[in-house]
Amino acid sequence: MGSSGNGAPPPMGSSGNGAPAPAGSAAIGAVDPVLFEILSSRLSAINDESAMTMRLVSGSPVANEAYDMNVGLMDADGECFAIGMYITIHSLALSATVKDIKRRFADNLGIGPGDVFMSNDPYVGACHQMDVAVVAPIFWEGELVGWTGSTVHQIDLGGPVEGQVQIGATSIWGEQPLFPPIKIVEAGRTRSDVEQGYLRRTRLPHLVGLDLRAMIAGCNVGAARVQDLIGRYGLDTVRAVIAGVSSATEARFRARLAELPDGTWSHRGYIEYDDVYPVVVEMTKRGDSLVFDFTKSADQAGAVINCTRPACVGATVAAVLPYLCFDMAWSPAGLQRAIEVRTREGSVVHAAWPAGVSKATTTGSFMATIASGVCLSKMLAATEDHLDHFMSTWMGGLYVEDMFGIDQRGNFFGAAILDAMAGGSGARARSDGLDAGGFLDSPSAIIANIEDIEYSYPLLYLSRRIQADTGGAGRYRGGNTLAMTYVIHDVDELPTKIMHAIGTCQPGSIGVAGAYPSNTNQFVIKRGTNVRALLDGGAVPTHIDEVDGELEIFADSIARTSQRPDDVYRYVAMGGGGYLDPLDRDPRRVQADVIDGVVTVAHAAEAYGVVVASDGTVDSEATEARRAEIRDQRRRSAAVPAMAGAAGA
Amino acid sequence: MARLNEQIEIAGGGAGARHVCRCGRDLGPVTENYKRHALMREGPVQNAGPWVDPHSIGGDRFVCRQFFCPGCLTQLDVEIAQRGEPLLWDARIRMPDEPEGAEGPEGANGPEGASKPEGSEG
Ligand SMILES: [Zn+2]
């Protein structure tokens with residue numbers, strides 16, 4: 001995974017600093033170019049089939065309804081040359097786990113046909129303890145020729161606190177048990193002692209057990225299909241294609257970088273926890289290589305919010321993929337030859353043992369992706385040639401709710417509600433971000449149907465809808481996000497409800513080139529309301545303001561509470577950032593947004609300076625006056641830092 | 001023509017290249033943060049939008065810094081920062097004919113960029 005440590009130059013690939021070779025021409029060697037395209041596409045299709053197998057075998061709504069999973073294919077050395085189109089960071093972490101297994105099992109137990117390994121150890125390669133990596137070697141006539149891997153986010157793997165966030169942990173010893181790589185299947189036979197040891201530690205053995213089978217099934221399908229391919233086309237051809245995929249991606253990626261301006265772009269993102277932890281990145285692009293320097297990021301916390309170095313490297317690549325790799329095969333191994341990631345051990349994005357990382361994928365590594373993405377978006381904004389591919393910041397802080405209790409059927413249950421993955425996308429250069437457009441980490445993000453959630457868990461949604469004014473204002477605005485309101489249903493209490501997010505005090509989805517950022521993540525409960533009386537009377541209050549009660553506001557970014565039948569819970573996820581000064585937005589676009597209910601009349605006047613009358617028409621004269629007034633306010637309220645001698649750069 | 005983005009172009013070349021607003025207003029040399037040459041307004045983070053920390057759970061820890069062109073008053077950037085943090089130098093184009101070592105002040109964004117603001121609780 002990239003070069004480790006600080007200061008080492010990025011490993012250079014075949015094309016160096018000169019003119020990049022045509023994509024993959026040298027790499028595919030003797031393979032016919034048409035056959036190369038067919039087989040490289042086939043390898044992607046194998047990933048798709050592995051992922052769908054995993055999804056169908058898993059009973060977990062996390063995999064089945066929210067696609068919080070992914071798969072990857074690796075070469076014999078563990079270099080990942082093809083990833084599935086789900087949560088990218090899951091696959092980007094597989095390579096480090098395979099490389100560890102190759103060392104760890106070389107002399108003791110060995111690696112043989114039909115073996116499957118698993119690990120949730122973040123200091124080996126897992127993104128955090130909940131993202132269990134299952135990997136399997138692919139053999140052909142007794143020779144190791146590659147690896148498949150799969151990951152599904154788990155809802156509970158033990159530890160003092162139910163679910164993901166180990167509240168109160170001061171090191172990794174207060175978090176979920178670690179499984180360094182272990183052999184779960186040996187020569188095609190599941191080792192029941194190992195499986196039982198794994199499942200003994202979770203509060204949800206049935207669900208976690210099924211997910212384990214699902215991940216093994218995903219690996220089995222991947223391995224079998226690669227073997228089919230070798231049987232049909234021969235090992236030498238498939239090997240050449242595997243090597244060619246990464247080389248082609250490297251060549252295309254270096255060519256893409258060479259088209260972009262040289263420079264340095266920086267961002268500071270923030271993680272709210274017991275203190276505020278800045279994730280600072282300086283991205284320097286020179287010629288056809290890219291350096292991400294995170295060394296100025298905050299020192300690590302004791303536990304919970306950090307991520308390990310493999311997760312930070314994966315998080316960086318997870319941002320590069322959607323911003324720069326829209327027309328090439330997603331081969332992390334190819335990309336990483338042109339990318340260097342510098343980190344400082346002991347920091348929030350490069351945890352030093354034994355710091356805890358239980359929430360890493362929504363804190364340290366999530367912010368590493370967002371911060372890298374902001375830099376990449378500003379680099380794209382600096383060239384007319386690639387303006388079509390510009391995207392402002394996507395949902396810059398993911399909210400998740402873990403819940404545990406007795407469900408409507410009287411059974412113990414645990415769940416992760418992932419509706420906030422609907423997020424909101426960043427503005428494009430000439431169009432708005434998509435409302436509830438998802439998030440950067442997954443090209444296939446979806447959220448569960450309300451009916452599926454209500455069937456599985458004791459909840460009744462009162463509403464789930466686009467929340468106006470949550471996308472960042474700009475000439476092109478960021479996508480708005482969702483607001484959700486629900487009560488518990490058919491149970492006396494939801495005893496354990498853990499709400500956690502970053503971006504509760506500040507908006508993570510920053511705007512670009514004069515645009516505003518998105519909203520912040522928000523969660524509140526109105527206690528002891530009249531909601532039951534309203535429902536009994538046939539009314540359905542869809543907004544928390546429509547019920548009477550006492551509003552409880554949670555000041556911390558992580559909060560543990562319970563919910564009673566009269567309590568109404570509301571959360572607002574995070575939208576996307578905008579692009580360019582909103583005073584330049586075409587008033588007709590603002591008018592259309594007001595008519596659609598995605599921008600309010602008040603926000604239209606405040607942020608865009610557009611006055612929309614009660615009949616829905618734009619008052620042009622009033623708009624001109626309002627915009628002049630805003631510009632005048634800008635002039636009167638601001639000063640030049642260089643003149644005033646303000647501190648800073 | 002080189003540019004930081006659609007609103008800030010770069011005029012000239014080599015060591016003498018300068019940031020210029022779309023209106024023609026000079027915004028300083030490329031070896032300096034353009035924000036230092038813009039108008040800046042710093043206010044509560046809630047200035048960033050109607051749904052930004054509406055219950056003020058973050059107290060006054062975070063601020064919203066808005067930067068405007070002194071010429072045409074176009075908003076050039078909206079920066080979210082902890083109170084007291086240095087300005088973020090968010091975009092720095094390197095000109096093709098720029099001499100080596102014209103980077104400007106080393107460490108423009110830290111390590112103080114990662115430090116806690118004064119008066120914050122440990
Ligand atoms: Zn101007």
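What follows is calculated from the coordinates using simple rules that are stated; it is not laboratory data. Keep in mind that what you see is a predicted model, and the values were worked out from it rather than measured. No Cβ is skipped: glycine too gets one built from the backbone with ideal geometry, and neighbour counts run over all protein chains shown.
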Expressed in nanometres to one decimal, the distance between label points 7 Å along Cα→Cβ at A:R465 and A:A30 is 6.6 nm
Cys in the protein assembly as shown lacking any partner Cβ under 4.7 Å -> A:C80, A:C127, A:C219, A:C307, A:C312, A:C325, A:C375, A:C505, B:C64
If R0 is 56 Å, what FRET efficiency do you get for A:E552 and B:C23 from their C-beta distance, rounded to 0.05?
0.70
If I take all pairs of Cα atoms in the protein assembly as shown, what percentage of them are more than 51 Å from each other?
13 percent
Around A:Q154, under 10 Å between beta carbons, what's the net of Lys plus Arg minus Asp minus Glu among the other residues?
-4
Rounded, prolate or oblate (a/c below 1.5 giving rounded, otherwise prolate when a/b exceeds b/c) for segment A:360-411 by Cα gyration tensor
prolate
Please compare each pair in A:K296/A:K378; A:K102/A:K183; A:K378/B:K35; A:K359/A:K497; A:K99/A:K359 to a cut-off of 18 Å on the Cα-Cα distance and tell me which ones are over it.
A:K296/A:K378; A:K99/A:K359
Residue order, fewest to most beta carbons within 10 Å, for A:F439, A:F139
A:F139, A:F439
Taking the Cα of A:A613, stepping 7 Å toward and past its beta carbon, and measuring to each backbone N in segment A:569-591: which are under 16 Å?
A:588, A:591
Scattering from the C-alpha atoms of segment A:586-637 alone, worked out with Debye: what is log10 I(q)/I(0) at q = 0.31 1/Å?
-1.18
What's the FRET efficiency of A:A224 with A:I38 using the Cβ-Cβ distance as r and R₀ = 22 Å, to the nearest 0.05?
0.70
Report the label-to-label distance for A:A352 and A:S456 in nanometres (one decimal), using points 7 Å from each Cα along the Cα→Cβ vector.
4.0 nm
Sort A:W140, B:W51 by Cβ crowding within 10 Å, fewest neighbours at the top.
A:W140, B:W51
Net charge, A:G410 excluded, C-beta distance under 14 Å - Lys, Arg +1, Asp, Glu -1:
-3
At A:L144 and A:A622, where each label point lies 7 Å from the Cα along Cα→Cβ, what is the point-to-point distance in nanometres?
7.2 nm
Based on other C-beta atoms within 10 Å, arrange A:F412, A:F36 from fewest to most.
A:F412, A:F36
Any aspartates and glutamates with Cα under 12 Å of the A:K285 Cα? List them, leaving off those in the same chain fewer than 8 positions away.
A:E259, A:D262, A:D293, A:E340
All alpha-carbon distances of segment A:538-602, grouped into 5 Å bins from 0, give the whole-percent distribution 3, 10, 15, 17, 13, 12, 13, 11, 5, 1
Calculated FRET value between A:S192 and A:R588, using beta carbons and R₀ = 60 Å, to 0.05:
0.35
